[in-house]
Amino acid sequence: MAGEVLRVQGGTPLVGELTVRGAKNLVPKAMVAALLGTTPSRLRNIPDIADVGIVSELVELHGVRVTPGDEPGELVLDPSAVEDADVVAVAAHAGSSRIPVLLCGPLLHRTGRAFIPDLGGCRIGDRPIDFHLDALRAFGAVVDKRPDGLYLKAPERLRGTLLTLPYPSVGATEQVLLTAVLADGVTELRNAAVEPEIVDLIAVLQKMGANISLHTDRTIRVVGVDELRGATHRSMPDRLEVASWACTALATQGDVFVRGARQVDMMTFLNVFRAVGGEIDITDDGIRFWHPGGPLTPLHLETDVHPGFMTDWQQPLVVALTQASGVSIVHETVFEGRLGYTDALVQMGATIQLFRECLGGQPCRYGQRNYAHSAVIAGPSKLYGADLEIPDLRGGFSYVIAALAAQGHSTLRNVGIIKRGYEDFLGKLAGLGADVEWVPAS
Ligand code: UD1
């Protein structure tokens with residue numbers, strides 16, 4: 001797929017229904033959690049996305065048996081024979097995903113050591129792992145950073161500790177959870193991230209026998225246990241994918257029912273969608289999103305950690321905001337480099353200007369530094385088809401939305417990256433009436 005080019009003929013409102021499955025930001029982590037058990041875990045609602053394939057291969061290299069379950073989208077992970085993996089085989093996964101770093105705690109508990117290849121993930125800023133490594137060291141791990149990756153050892157059983165995150169990082173919170181559950185004694189994590197995917201991971205770990213409590217002040221307390229068993233768990237739906245399709249409906253003046261979408265995970269998004277002028281109908285089976293006709297309303301928005309407006313919702317929404325009548329301001333406060341994709345929207349006819357200042361809201365960590373992290377979007381703009389190279393997962397999907405909303409045709413290269421997080425996205429687009437086709441790369 002990566003070598004092919006997607007040709008998108010824009011201008012057709014997308015109408016119809018699609019189904020979202022388990023969350024990309026939960027499922028790979030629940031798969032890593034399975035390593036902590038002594039018996040098999042059964043995970044349900046697993047999407048067919050590249051990140052799941054990568055994590056399957058990685059845990060298999062460490063002796064976990066991964067097999068399909070009884071129902072579609074079910075995976076069984078048997079960790080009874082976890083062992084050291086061949087470093088060269090693990091290193092072959094360098095740069096493919098950021099999930100491997102979460103294997104540290106579980107591997108240290110199971111085998112006393114871990115090798116983590118150089119990390120990948122989307123190019124949306126520096127994405128350091130200093131919080132992860134500081135936490136692992138506080139648990140008693142010895143971390144040796146080498147050019148090919150991280151070599152970790154646990155000279156003795158890891159012990160619970162008191163930690164405060166400098167920022168409520170999702171990954172670092174998960175790192176602490178996956179390490180603290182089998183550590184000796186109590187771990188208290190302050191300033192933790194509390195995203196719904198983290199709460200779902202806590203649910204998985206509790207099913208396995210862990211003792212974790214989540215307090216209202218972003219403190220997580222874990223009482224370590226000696227052993228965990230396997231769990232059966234159905235993943236929460238992918239609220240990032242839901243928002244992407246919602247914004248596609250809005251930007252193309254369409255009407256899309258997203259089966260499987262769950263209101264409680266995305267109340268902040270739903271409020272914003274309505275504020276822009278989109279309509280929603282929430283049912284037990286999913287959520288219908290549509291453009292009711294007439295002009296859309298501009299707004300000021302700031303991305304934030306949960307329960308704020310999620311940074312991964314920002315890119316698809318900005319495409320819809322290019323169609324709002326007036327000036328919108330978007331202040332990205334979670335990642336410093338997550339507005340670069342707007343260059344392509346400007347190339348397509350949008351009026352978007354980036355600023356280094358914190359516009360419109362509270363000053364954030366990036367305010368006095370050299371990061372263009374605020375965007376001013378003036379609309380409505382007519383978008384025109386363009387030839388684009390997809391930069392990262394969420395930015396990439398926003399190019400697809402823009403191409404669908406534009407007049408004329410666009411060609412999109414490097415589309416394979418979207419497969420990392422969107423299951424059967426081409427089939428879903430076709431099901432909504434989008435005019436898309438593969439063309440050979442020239
Ligand atoms: C996860 C999500 C991603 C989402 C992000 C924020 C997955 C697979 N990815 O990414 O979709 O956009 O949460 O909701 O779940 N930071 C540090 N040092 C660290 C760790 C993080 O400085 O050791 C900083 C990051 O650079 C960033 C901020 O903390 O500025 C938030 O990052 P984090 O929440 O850790 O994001 P991820 O877990 O990588």
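Are there GluC sites (Glu not before Pro) in the stretch 139-234 that DSSP puts in a loop and that have at most 11 other Cβ atoms within 10 Å, and which ones?
Working: sites: GLU156, GLU174, GLU188, GLU197, GLU227; in loops: GLU156, GLU227.
Loop-located and lightly packed - GLU156, GLU227.
Is the shape of the stretch 27-234 best called rounded, prolate or oblate, per the rule: a/c under 1.5 gives rounded, else a/b larger than b/c gives prolate, else oblate, with a ≥ b ≥ c the square roots of the Cα gyration tensor eigenvalues? Provide the component values of the computation, followed by the final result.
Details: a/c = 1.30, a/b = 1.10, b/c = 1.19.
Rounded is the answer for the stretch 27-234, as its axis ratio a/c remains below 1.5.
Test of the criteria: in the stretch 306-389, which trypsin sites (Lys or Arg not before Pro) are in a DSSP loop and have at most 10 other Cβ atoms within 10 angstrom of their Cβ?
ARG369
Just to be sure I understand: of the beta bridges DSSP finds with both ends in the chain, what percent are antiparallel, rounded to 5?
Bridges in the chain are about 70 percent antiparallel.
Express in nm, to one decimal, how much length is gained between ALA91 and GLU279 on full extension, taking 0.36 nm for each residue of separation and deducting their alpha carbon distance.
62.9 nm
How big is Rg to Rh over the chain, alpha-carbon atoms, Rh as the Kirkwood inverse-mean-distance radius?
My calculation of the ratio gives 0.97.
Please work out the C-alpha center-to-center distance from the stretch 324-397 to the stretch 143-194 and express it in whole Å.
34 Å
List, in the order given, every pair from LYS145/LYS207; LYS153/LYS207; LYS29/LYS382; LYS24/LYS207; LYS382/LYS428 whose Cα-Cα distance in the structure shown is over 30 Å.
Violating the 30 Å limit, Cα to Cα: LYS145/LYS207; LYS29/LYS382.
Exactly which GluC sites (Glu not before Pro) in the stretch 327-435 are in a DSSP loop and have at most 13 other Cβ atoms within 10 Å? Please report the intermediate quantities before stating the final value.
Working: sites: GLU332, GLU336, GLU357, GLU389, GLU423; in loops: GLU332, GLU336, GLU357, GLU423.
Passing sites in the stretch 327-435 are GLU357.
Given labels modelled 7 Å from the Cα in the Cβ direction, how far is it in nm from THR12 to ALA203?
Result for the modelled spin labels: 3.7 nm.
Given Cα pairs under 8 Å that are at least 6 residues apart, what percent is the relative contact order of the chain?
Once normalised by length, the contact order is 21 percent.
For the stretch 251-292 and the stretch 56-76, what is the separation of their Cα centres, given in Å?
First find each Cα centre; the distance between them is then 33 Å.
Rule-based calculations on the coordinates, nothing more; no lab input. Model, not experiment: these values are computed from the prediction. Counting neighbours? That spans all protein chains shown, and the Cβs are built from the backbone with ideal geometry, glycine included.
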